[in-house]
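Q: Got a structure for you, written out below as C-alpha cells; questions coming shortly.
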Amino acid sequence: MASDAISSTAAAAVPAAAKPRPRRLLLVLPLAALAALAAWPWLAGPFVLHLAILVCLNVLIVNGLAIIDRAGQLSFGHSAPVAIGAYAAVLGAQAWGLGPLASALLALGLVALVSLALGWVILRLRGVYFVLVTFAFAELVRLALLDAAAFTGGASGIAGIPPLAMGGFAFDSRERFYALALAVALLSVAGLALLLRRPLGRAMLAVAANPALAESVGLSVLRLQLVAYVIGSTLAALGGVLTVRYIGFVSPESFATTASVAFITMLVIGGRGSVYGPLAGALVLTPLPELFRGAVQTQHVFYGAALILILRFLPGGIASLAQRRGASR
Amino acid sequence: MDWNLVLGQATVNGLIIGLLYLLMAVGFTLVFGVMRMVNFAHGEFYMLGAFAAYVGSAHLGLPFLAAVALAAAAALLLGSLVEWLVLKPFRKDELNGMIATIGLAMIVQNLALMAFGPDPVSMPAVAEGASTLLGITVPNSRLYVVVFAAAVLLLLYLFLRHSRAGRALRAVVEDAETAALQGIRARLYYPLGFGIGVALAAVAGALMAPLFSVSPFIGATPLLKAFIVVILGGLGSIVGAAVAALSLGLLESYSSLVLSTSTADMLIFVLVIVGLLAFPRGLIGRGEA
C-alpha cells in the first residue's frame with residue numbers, strides 16, 4: 001500500500017515537474033510577439049504609428065471603463081470624464097497660463113473630484129438605472145460644452161493646442177508621443193492586473209458578483225464602487241488629456257454618445273472578464289475604421305453586428321479565446 | 001405682457017410635448033416590462049417612423065393619417081421580426097440585452113444613413129392656421145398631433161385593459177411563468193410586446209415628422225427624454241410614465257419661459273438625480289433597481 005502511494009505520487013510528480021517548461025514558453029512567446037507588435041509601429045511609418053497611438057489611448061480609456069465594470073457598474077457615459085479631462089486641460093492652460101503638465105494634473109484632479117461627488121450620489125443606483133443616468137450625464141456634459149461657447153468655442157471647438165512637454169522635452173513627434181502613450185497604456189494594463197490581485201480589487205469583484213453577500217461580510221458596496229468609479233474616470237480623463245495634446249484639437253462632437261458606445265463596444269468585444277479584454281478590444285476595433293475608410297456607415301453596421309454576435313456566441317470576448325486555448329493546453 | 005395668457009400657452013405647449021414623451025416612454029417601458037430589456041434602439045424606431053411618414057406622404061401620396069398608420073404597421077412588423085430573429089437570446093438578460101440593443105441601434109441608424117443620406121428632409125404641415133380657445137392660441141398642425149397622440153394612447157389603453165391579447169401581455173409583464181401556467185403562450189408575447197413598444201415610438205416619430213425636419217440622427221433626443229421619463233416614473237410602470245412624461249413636458253415648457261434650453265436641461269438632470277435619491281425605483285416604479 002505504502003509503495004503504491006509513493007509510486008502514485010511519483011507518477012503525479014513527473015508531469016508536474018515537466019509542466020513549467022511549456023508553460024513558461026507559453027508565457028514567453030506571446031510576450032515576445034506583443035513586444036514585437038508594440039515596437040513595429042516605430043518602423044512602419046507615420047500612418048501605423050498614428051493608429052498605434054490611438055490604440056494606446058483607447059486601451060487607457062477602456063481600462064478605466066473596465067475597472068468600473070469590474071466593480072459591478074456599467075457606465076454608459078464614459079465619454080464624460082474624457083471630455084471634462086480634455087477641456088479642463090486645455091482651458092486651464094489657456095485661462096491661467098498653466099504649463100501642459102500642470103494643466104494635465106489640474107484636469108485629473110478636477111475629474112477625480114467630479115466623479116467622487118457624482119459617484120457618491122449615482123452609485124446608489126443599480127443595473128440599468130445607473131446606465132441610464134450615466135448616459136444622461138454624458139449628454140449633459142456635451143450640451144454644456146456646446147452651450148458655453150464663450151469658453152469652449154462651442155461646436156467649432158478649440159484648435160492649435162500645443163503638444164505635451166515636460167522639462168524642456170516636448171512630445172511633439174509621433175515617434176515620441178507613441179513612446180509615452182505606449183508606456184501609459186501598458187502601465188494601465190499592469191495596474192489593472194495588479195489591482196485585481198490585491199485585496200482591494202478582490203473586494204471589488206466580490207461586490208460585483210453579489211452585492212448583498214459582500215455587504216453582509218462587511219464590504220461597503222458604495223465605497224468600493226466609488227473607488228472604482230473615481231479611478232476609472234481619472235484614467236479616462238488622462239486619456240482625454242493625452243488625446244487633445246496629441247491631436248491638437250478638441251470639440252464636443254468627439255464626445256457624443258457614439259464615443260461612449262465605442263468604449264463599451266471595445267470592452268465587450270475585447271472581453272469584460274479578462275484583464276486583457278480592453279487591450280484586445282482596442283487593438284481590434286481601433287484600426288477598423290481604416291479598413292472601411294470612406295464608408296463610416298458600413299463600419300458602424302459592422303460594429304453593431306459584431307457586438308450582437310460576440311454577445312451571443314462569445315460572451316467572454318476575444319480575450320476569452322486566448323484564455324480558453326491556454327486552459328485546454 | 002399678460003401672464004395668464006403666457007402661462008396658459010406654456011401649459012398647452014407643455015402638455016403637447018408631454019404627450020409625445022409619453023408615447024415614447026410608454027413603448028420603452030412596455031418593452032422593459034415584457035423583456036426586462038432597456039431598448040437603446042427605441043430612438044431609432046422613432047426615426048424610422050418619421051421616415052415612414054415622410055416617404056408615405058411625400059412619395060406615395062398617402063394622406064397623413066394613412067402615413068402614420070403605415071409607420072406604425074411597419075414598425076410593429078419590423079420590431080416583432082427583429083425581436084424574434086436577433087434579440088431572442090437576450091430576453092430577461094438586462095445587461096447583455098441592453099448592449100445588444102446598442103448594437104441594433106448602430107445597425108438601424110447607419111442603414112438609414114445609407115438609405116436616406118445625412119441631410120434633413122422636411123414634409124409639409126398637416127394643417128394650416130391656428131385655433132384659439134380661452135385666449136390660448138395653438139397652431140392647428142400641433143393640435144393635430146395632440147389629437148392623434150391622445151387617440152393612440154386611448155387605443156393602447158383599451159387594448160391593454162380589455163382585449164384578450166392585451167390582458168395576456170400584461171400578465172406576461174406581471175409574471176411570465178405564472179402567465180405561461182395559465183395557458184398564455186408567452187413566447188408569442190415577447191415579439192408582440194417589442195413590436196407594439198417600438199410601434200409606439202414610430203407613431204411618435206411619424207407625428208413629429210411634419211413639425212420638425214427628418215434625418216437619421218433625430219432619434220437621440222427622444223430616446224434621452226424617454227430615459228428621463230422612465231427613470232422618474234419607474235421602469236416598467238405605465239402610470240408612472242404618464243405622470244412623469246406630462247410633468248417633464250410642463251416643466252420644460254415653463255422653464256423655457258425664463259431659462260435657456262441647456263440650462264433647463266441641466267436643471268432637469270439635477271431634478272432627476274434628486275428624484276432618484278428620494279425614490280430609487282421611480283415615482284410609481286415597480287421595476288427592480
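Q: Please get the size of the charge dipole for chain B, origin at its Cα centre, with Cβ charges of +1 on Lys and Arg and -1 on Asp and Glu, quoted in debye to the nearest 20.
A: 780 debye
Q: Could you tell me how many cubic angstrom of Cα convex hull volume chain A has per residue?
A: Taking the convex hull of the Cα positions in chain A, it is 177 Å³ per residue.
Q: Suppose every Lys and Arg Cβ carries +1 and every Asp and Glu Cβ carries -1, with no other charges. What dipole size does the protein assembly as shown come out with about its Cα centre, to the nearest 20 debye?
A: Here the protein assembly as shown has a charge dipole of around 1980 debye.
Q: Based on DSSP loop calls and a cut-off of at most 12 other Cβ atoms within 10 Å, the longest stretch of chain B free of exposed trypsin sites (Lys or Arg not before Pro) is what?
A: B:186-289
Q: Now, a different point. Angle between the Cα long axis of helix A:296-313 and the longest principal axis of chain A, 0 to 90 degrees, nearest 10?
A: The two axes meet at around 30 degrees.
Q: Still on this model: Using Cα-only point scatterers and the Debye equation, what is log10 of I(q)/I(0) for the protein assembly as shown at each q in 0.07 Å⁻¹, rounded to two decimals?
A: -0.48
Q: For a distance above 23 Å, tell me the whole-number percent of Cα pairs in chain B that qualify.
A: In whole percent, the long-distance tail amounts to 54.
Q: Give me the dipole magnitude in Debye, nearest 20, for segment B:143-285 about the Cα centre, with unit charges on the beta carbon: positive for Lys and Arg, negative for Asp and Glu.
A: Here segment B:143-285 has a charge dipole of around 440 debye.
Q: Okay, moving on. Using 7 Å Cα-to-Cβ label points, what is the residue B:213/residue A:220 separation (nm, one decimal)?
A: In this crude label model, residue B:213 to residue A:220 measures out at 5.2 nm.
Q: With a 10 Å Cβ neighbour count serving as the proxy for reagent exposure, in which order, fewest first, do B:217, B:40 appear?
A: Listed from fewest to most nearby Cβ atoms, that is B:217, B:40.
Q: Specify which residue in the list A:52, A:71, A:160 is farthest towards the positive end of the charge dipole of segment A:46-254, using unit charges on the beta carbon of Lys, Arg (+1) and Asp, Glu (-1), about the Cα centre.
A: Farthest towards the positive pole: A:71.
Q: Now for a separate question. Taking Cα atoms, how many degrees apart are the long axis of helix A:174-197 and the longest axis of chain A, rounded to 10 and kept between 0 and 90?
A: Compared with the principal axis, the helix lies near 50 degrees.
Q: I'd like the projected area of segment B:147-269, averaged over all directions, using the convex hull of its alpha carbons. Report it in nm² with one decimal.
A: The directionally averaged projection comes out at 8.9 nm².
Q: Next question. What is the percent of Cα-Cα separations in segment B:1-144 that go past 17 Å?
A: 69 percent
Q: Picking from B:196, B:62, B:159, whose Cα lies most toward the positive end of the charge dipole for segment B:3-221 (charges on Cβ: Lys, Arg +1; Asp, Glu -1)?
A: So the residue we want is B:159.
Q: How far, in degrees from 0 to 90, does helix A:317-328 lean away from the longest principal axis of the Cα atoms of chain A, to the nearest 10?
A: 20 degrees
Q: Neighbouring Cβ atoms within 10 Å as the yardstick, rank B:146, B:229, B:55 fewest first.
A: Result, fewest neighbours first: B:146, B:55, B:229.
Every number here is computed from the coordinates shown, using simple stated rules; none is lab data. Since the model is a prediction, treat every value here as computed from it, not as a measurement. Because the Cβ atoms are built from the backbone with ideal geometry, glycine has one as well, and the counts that use them run over all protein chains shown.
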